[in-house]
Amino acid sequence: MEFCPKCGTRLVPTQKGKRKIKVLLSCSKCGYEKSTKEKIVAASLALEHTPQKQIAVIGREEQKLHTMPKTKAECPKCGHTEAYWWLVQTRGSDESPTQFFRCTHCGFTWRELS
């Protein structure tokens, strides 16, 4: 990581040229540019997920670890009165989280919106 000698802002890699692409380190504040001979690889930190992957539901293999907390809740499928539970923020941060339950007997998973 390098900083601008004029204003102290972090220099970011930019590409110049249409036919022959040249990589420069440039300052976004004052416009200072420094050519570089090193190969710069820029990585994107933004990951895109499908809506199905954004909601985390505990899988069958993870359930077998038995590290999840248990509570007394009646299973709508088999009527058993004990279930694992966890919270997931499925909506906006200003909304309350969704509580998920998984029956310890039959493995049926359901949710409770609060």
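Taken together, the values in this text are just the output of simple stated rules run on the coordinates, not laboratory data. Because the structure is a prediction, the values reported are computed rather than measured. All Cβ positions, glycine included, derive from the backbone under ideal geometry; neighbour counts span all protein chains shown.
Brief remarks follow.
- Remark: the residue 16-residue 1 segment gains 3.4 nm on full extension, using 0.36 nm per residue and subtracting the alpha carbon distance.
- Protection-proxy order for peptides 27-37, 95-105, each taking the mean of Cβ atoms within 10 Å per residue, highest first: 95-105, 27-37
- Taking amide H as placed 1.01 Å from N in the peptide plane, the amide H of residue 36 sits under 5 Å from that of 25, each at least 5 places away or on another chain.
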